[in-house]
Amino acid sequence: MADVAVAESRLGAALWRSRPLAALAEAFAAEGDRRILWLPVFFGTGIAFYFTPTFEPPWWLGLAATIATIIPAIVLRHRPALRNAALALAFCAAGLAIMQQARWERGAPMLERRLGPVMVTGRVIDIDLLDRGWRVVIAPDPLPGLAAAEQPRRVRLHIAPTSDELRPGDRLQVKAMLFPVPGQVLPGGRDMQRELYFVGIGGVGYSYGGARRVATQGEVRGEGGWREWLLQLRNEMTRRIAAALPGSTGGVASAVITGKRGTMAEEVKQAFRDSGLSHLLAIAGLHLGLVGGFVFFTVRGGLALIPWVALRYPIKKITAVVTLIVLFCYLMISGAAIPTQRAFVMTGIVFVAVLIDRLRISMRICALAAMVVLVLDPASLVGVSFQMSFGAVVALIAVYEKWGAQMAHLFHRGGFGRKALGYCGAVAVTTVVATIGTEPFAIYHFHHLVLYSPLANVIAVPISAMWTLPWGIHIA
């Protein structure tokens, strides 16, 4: 009897321990086709694991863990519960491996002490026009007083307005003071050191007097390429916008066209933050959606006016291809920031769906966009752009998947006056949902809460949609 009691006790303990796993397996199985939505979550978990410890993980850890979890996923392919668990771990390990690869490729030595005044020579990588002077990113020649292993790959300088007019690819010479990249001001706040580390900038500073161009891009051979040409195009467009619209007006215009907002006064930037309209300056879904819609309906309407073309060729699909090309050009010209990448992937999938006659915006598109962005730039996971961009989109898709039909029936029926009110109501609902999705991240990163964002967006979004786009195309 004692043996039976012991066996029953062990069986009960095993069942008790298995209940959480069984419940987890049942919940995961209940997701059905939506289980794929968890893949970017697991992938992001692996990336987040890299930033958790206070020491650098061994370089082989992510790769070894990925191999060690893929093999069980293949071996256990006929046992769904174990296979799914192995796949989840494999995506976590792959996220860690991608993050370690990005650190190895992009990481660069950082200045650990003040240096200068020192004469800096090097190649201009990028340049931003400011309200006073310029901010340039330079690939410097070896700096005096630093060992080879301590040389920063790039430095960012604020140069005086008396400097020569520079373009990406030029070589310059400037006397400057260099400093280590500033650390966090508040625990958990913005980490500029981490941001600049993963773009290869190892020091910041300012110039003594103007910078002098010692060679133009045409005189320097063997470097540059299409990236440099693209940067030159962005800077030329920004210069033209600033010439046509001086001051903060040009800064706002260039922000939504080329992604550069250097000439905006700080009080204007703060006004956008306080009103909850900063998203209008970040080239994202609104901007790509407007450009894509404008190009799609304009090109399709133009082709429809040519009977010989409209009756013989699928003009809708041809227009979708043209729109994808235009959106890709806009992505490149705007600097391909994280919100722009996310919006391009999601908008691009919609137009690809037009090509294959399957049109539906769903959470799967958002999951795919998250995977693409994290693979291209895994360090963006811990940045505010990724978190706020996907926080807003996930919240919006979730709400419209659940109550979209009811809201469409409520807001888009009746006469013109009721539809106009319905449009304002839809914008207000969208703003509230997006605010709920992004406000936790805004509070965490900026310690800031916007109270009248819905009212501001009801007024500003239609103006931006109906007025900014046409004039932006005219200026560009």
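The values are calculated or read from the model by the stated rules, or taken from the named source; none is laboratory data. No experiment lies behind these values; they were computed from the predicted model shown. Quick reminder, even Gly has a Cβ in these numbers, built from the backbone with ideal geometry, and neighbours come from all protein chains shown. Protein only, heavy atoms only, side chains kept; ligands, DNA and RNA dropped before computing areas. Shrake-Rupley method; radii C 1.70, N 1.55, O 1.52, S 1.80 Å.
Descriptive notes on the structure:
- Enumerated helices (runs of 4 or more DSSP H) restricted to region 1-84, each holding at least 1 residues that are of a type in the set (Phe, Trp, Tyr) and modelled with pLDDT under 65: 2-30
- Any hit, region 142-152, residues being surrounded by fewer than 20 Cβ atoms within 10 Å (Cβ to Cβ), closer than 25 Å to THR263 by Cβ and within 30 Å of the chain's Cα centre (by Cα): no
- Count - residues of region 166-194 that are without any contact (Cβ under 8 Å) to a residue 40 or more places away in the chain and open to solvent by 40 Å² or more (accessible area, probe 1.4 Å): 5
- Candidate set from region 117-128 (those that are under 22 Å from the mean Cα position of the chain (by Cα) and hydrophobic (A, V, I, L, M, F, W, C)); member that is surrounded by the most Cβ atoms within 10 Å (Cβ to Cβ): ILE127
- Among the residues listed as MET363, MET332, MET371, MET388, the single one being over 19 Å from GLY293 (Cβ atoms), touching a residue at least 40 places away in the same chain (Cβ under 8 Å) and under 10 Å from the mean Cα position of the chain (by Cα): MET388
- Residues satisfying the stated conditions in region 230-256, i.e. within 21 Å of ILE459 (Cα to Cα) and either of a type in the set (A, V, I, L, M) or touching a Pro at 6+ places or on another chain (Cβ under 7 Å) (or both): VAL252, ALA253, ALA255, VAL256
- Test: residue in region 263-278 that is open to solvent by less than 20 Å² (accessible area, probe 1.4 Å) and either assigned to a helix (DSSP H, G or I) or charged (D, E, K, R) (or both): no
- Filter pass, LEU327 being closer than 18 Å to PHE296 by Cα, under 20 Å from the mean Cα position of the chain (by Cα) and either open to solvent by less than 30 Å² (accessible area, probe 1.4 Å) or of a type in the set (A, V, I, L, M, F, W, C) (or both): yes
- Close pairs from region 110-125: first closer than 12 Å to VAL136 by Cα, partner surrounded by fewer than 16 Cβ atoms within 10 Å (Cβ to Cβ), Cβ under 6 Å, at least 6 apart: GLY122/ALA139; GLY122/ASP141; ARG123/ALA139; ILE125/ALA139
- Verdict on LEU286 being modelled with pLDDT under 85, aliphatic (A, V, I, L, M) and under 17 Å from VAL350 (Cβ atoms): yes
- Whichever residue in region 36-91 is surrounded by 17 or more Cβ atoms within 10 Å (Cβ to Cβ), free of Cβ contacts under 8 Å to residues at least 40 places away in the same chain and hydroxyl-bearing (Ser, Thr, Tyr) and, among such residues, is nearest to PHE386 (Cα to Cα): THR66
- GLN387 open to solvent by 20 Å² or more (accessible area, probe 1.4 Å), within 26 Å of ARG227 (Cβ to Cβ), assigned to a helix (DSSP H, G or I) and at pLDDT 85 or above: no
- In the set GLY302, GLY348, only one residue is at pLDDT 85 or above, farther than 30 Å from LEU130 by Cβ and exposed (fewer than 15 other Cβ atoms within 10 Å of the Cβ); that residue is GLY302.
- Considering residues of region 38-57 that are among the hydrophobic types (A, V, I, L, M, F, W, C) and in contact with a Gly (Cβ under 9 Å, 6 or more places away or on another chain) only, the residue farthest from CYS366 (Cα to Cα): PHE49
- Summed over region 97-115, the residues that are among the charged types (D, E, K, R) and within 14 Å of ALA149 (Cα to Cα) give a count of 1.
- Subset of region 412-433 that is open to solvent by 90 Å² or more (accessible area, probe 1.4 Å) and outside any helix (DSSP H, G or I) - its residue that is farthest from VAL461 (Cα to Cα): ARG413
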